[in-house]
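Accompanying notes for the structure given below.
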Amino acid sequence: MQYGPFARKLRTYGKTELKNLKEVLNRGRLSIFYNDGGMVDRFQKAFAKYTGAKIALARVNGMGALAEAISVSGAGVGTEVLCDPVVHFGALAALYYNAVPRFVDIEPDTYCMDPKSLEANITPRARAVIVTHLWGLPARIDEIRRICKKHKLFLIEDCAHAVGARWKDKHVGTFGNLGMFSFQEFKQLSTGDGAMVTIQDKKLADNMENVWAFSGESPRIMTLNWRMNEMTAAIGLAQLGKVDSILRNTYNVTLKIFNDAIAGCRWLKPRLVPKEAIQTGYWFACKWEGDKFGLNYSRFKQLNEKLDIGLRFGFNQTAPYEFDFFHKAQAYGHQCPNKCPFYLKNSRYVYRKGLCPVVEDVMPRLVTVNLIFLSIAEAKRMAEKLGKAINMMDRG
């Protein structure tokens, strides 16, 4: 319903993209290993400059980039990777390398990782942390970084939703050991598929960049080939030049439209944006608290259908550690995570309901709208109907 014919107009693929693609084809090199002035090289340098990172490496997709991050983090069989439990992609990446995802609770008002819960979950088995800057809002990344340094943990920032997002005027993805940005179709900067990792340590970047740049000798580290091709980079370089305009003129505008629509509503609590944070438009989210005022959640959902508003209620409904996937041992010879012989000894960590009580309370209360492909005109229409629903609920 939200993604009608107008949606295509929000992405502009035109002369610059075609010019870049033609240059790639004329050059006759579709995949380049080394920094030789090709599209991958240019995209990497431009993205590093955009974010303020020392080095950026273009990758095939966001999940691949997360898996690569785990592969260089020191995590592996019998160790733990601490993850936030709203989106489960970091936990999947950890499991891919036979590490055990350990879920950290969220803050009830930002929906991002709670630093206090992070510190409380650190054990001697912990090797890495994956923190998600969820739906364009930075987590409390300076505090999380401090905790990781204290405990010598490899910090991975999942910035899949967060192009343009900043904490204390510093772009996310530049606080940890490694940041990951996704360029999948439903992201602020889209190449169809693709990703970028941002790195502050030259030695780490050199190992990652050159792992597949060899001629028969053994690679430097044990990982796989995650690099981006020249055609994808050609699109990405062109889109990078437009992304600030897209954020400023569309996604940040539609985010404000929905925040304004619920301003003053007692029972739809807006998402907290800390004073240190600059949020970037991706998804609008607020939290249902109507039960505190004697209101019926089912009636609000019915009004959403009746008025054809287009709201989404809840997110995943259950926390990832309740998914069958994490309960069934599917990695490391069908033993990890919950039957891993290298982990079970001296460990009593069990995936169970109640593991992260805040996320279990918040997730079904979330009221969200995906802003990608949503025009300003459609956002205004939805916001107007949302206002009507709020008035109808208040009138009883």
Query raised in the report: Counting only residues that are assigned to a helix (DSSP H, G or I), within 25 Å of Leu295 (Cα to Cα) and either hydroxyl-bearing (Ser, Thr, Tyr) or in contact with a strand residue (DSSP E or B) (Cβ under 9 Å, 6 or more places away or on another chain) (or both), how many does region 365-381 have?
Result: 1
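Quick test for you: out of Val104, Val100, pick the one residue that is at pLDDT below 95 and either closer than 18 Å to Cys148 by Cβ or touching a helix residue (DSSP H, G or I) at 6+ places or on another chain (Cβ under 7 Å) (or both).
Going through Val104, Val100 in turn, just one is at pLDDT below 95 and either closer than 18 Å to Cys148 by Cβ or touching a helix residue (DSSP H, G or I) at 6+ places or on another chain (Cβ under 7 Å) (or both): Val100.
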Report summary line: Only one of Ile199, Ile141, Ile156 is free of Cβ contacts under 8 Å to residues at least 40 places away in the same chain, crowded, with 18+ Cβ neighbours inside 10 Å and of a type in the set (Val, Ile, Thr), namely Ile141
Report summary line: Here the residues within region 2-17 that are at pLDDT 75 or above and surrounded by 13 or more Cβ atoms within 10 Å (Cβ to Cβ) are Thr12, Tyr13, Thr16, Glu17
Report summary line: Among Pro124, Pro115, Pro108, the single one that is over 30 Å from Asp193 (Cβ atoms), out of contact with any Cys (no Cβ under 9 Å at 6 or more places or on another chain), crowded, with 20+ Cβ neighbours inside 10 Å and not hydrophobic (A, V, I, L, M, F, W, C) is Pro115
**Report entry** Residues that are surrounded by fewer than 24 Cβ atoms within 10 Å (Cβ to Cβ) and part of a helix (DSSP H, G or I), drawn from region 59-93
**Finding:** Met63, Gly64, Ala67, Ser71, Phe89, Leu92
Report summary line: Going through region 227-251 in order, the residues found to be of a type in the set (D, E, K, R) and more than 12 Å from Arg11 (Cβ to Cβ) are Arg227, Glu230, Asp244, Arg248
Requested in this report: Look through Glu143, Glu185 and report the one residue that is among the charged types (D, E, K, R) and in contact with a helix residue (DSSP H, G or I) (Cβ under 8 Å, 6 or more places away or on another chain).
Outcome: Glu143
**Report entry** Inter-residue pairs, beta-carbon under 7 Å, first farther than 13 Å from Glu384 by Cα and in region 255-266, second surrounded by fewer than 22 Cβ atoms within 10 Å (Cβ to Cβ), 6+ apart
**Finding:** Cys265/Ile390; Arg266/Phe293
Query raised in the report: Quick check: anything in region 43-54 among the β-branched types (Val, Ile, Thr) and under 16 Å from Ser190 (Cα atoms)?
Result: no
Query raised in the report: Regarding Leu178, is this residue surrounded by 24 or more Cβ atoms within 10 Å (Cβ to Cβ) and at pLDDT 95 or above?
Result: yes
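Conditions tested, residue by residue: (1) among the acidic types (Asp, Glu); (2) assigned to a helix (DSSP H, G or I); (3) buried (at least 20 other Cβ atoms within 10 Å of the Cβ); (4) at pLDDT below 95.
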| site | (1), (2), (3), (4) |
| --- | --- |
| Cys265 | no, no, no, no |
| Lys269 | no, no, no, no |
| Thr280 | no, no, yes, no |
| Cys286 | no, no, yes, no |
| Ser298 | no, yes, no, no |
| Gln317 | no, no, no, yes |
| Tyr321 | no, yes, yes, yes |
Query raised in the report: Would region 230-246 turn up any residue that is assigned to a helix (DSSP H, G or I) and over 24 Å from Gly62 (Cα atoms)?
Result: no
**Report entry** Subset of region 94-150 (residues that are of a type in the set (S, T, N, Q), outside any loop (DSSP other than H, G, I, E, B) and under 16 Å from the mean Cα position of the chain (by Cα))
**Finding:** Thr132
Query raised in the report: Which of the residues belonging to region 360-396 are farther than 20 Å from Tyr282 by Cα and not charged (D, E, K, R)?
Result: Gly387, Ala389, Ile390, Asn391, Met392, Met393, Gly396
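The values are calculated or read from the model by the stated rules, or taken from the named source; none is laboratory data. What you see is a predicted model; the values in this text were computed from it and never measured. When we count neighbours, we look across all protein chains shown, and the Cβ atoms used for this are built from the backbone with ideal geometry, even at glycine.
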